[in-house]
Amino acid sequence: MRDKLTLVSHSSTSATNAAAFASDEPLDPRGAQWAADAVGRLPHATRVLSSPAVSCRQTAQALGLTAAVVEPALVDWDLGRWRG
């Protein structure tokens with residue numbers, strides 16, 4: 001059996017809607033709904049990792065991935081004054 005890697009981006013936030021770089025903001029209402037609507041549509045996972053970003057943790061939770069482990073190495077890159 002071969003291992004499979006599935007990458008899932010966080011759902012929409014105020015920054016992504018404004019075409020701006022994230023500043024660790026939460027999901028917007030539309031993003032939370034999109035993630036909730038996707039429950040059960042992802043392949044089965046034996047291990048789930050999440051970025052420490054609020055939007056990533058909220059997306060994992062909305063997807064029902066309650067066993068997601070926060071992995072500090074998945075932190076967003078720091079874009080300095082371009083954030084937000």
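Only the coordinates and a few stated rules stand behind these numbers; no lab work does. It should be emphasised that the depicted structure is a prediction, and the values quoted were computed from it without experimental measurement. With ideal geometry, Cβ positions are generated from the backbone for all residues, glycine too; neighbour counts draw on all protein chains shown.
Odds and ends about this structure:
- Low-density loop positions, trypsin sites (Lys or Arg not before Pro), the range 18-84 - DSSP coil, at most 10 other Cβ in 10 Å: Arg41, Arg47
- Each principal axis of the Cα cloud of the chain was evaluated for its coordinate range; sorted largest first, these ranges are 45, 27, 18 Å.
- Distance in nm between pseudo-label sites at Asp3 and Val69 (7 Å out along the Cβ direction from Cα): 1.2 nm
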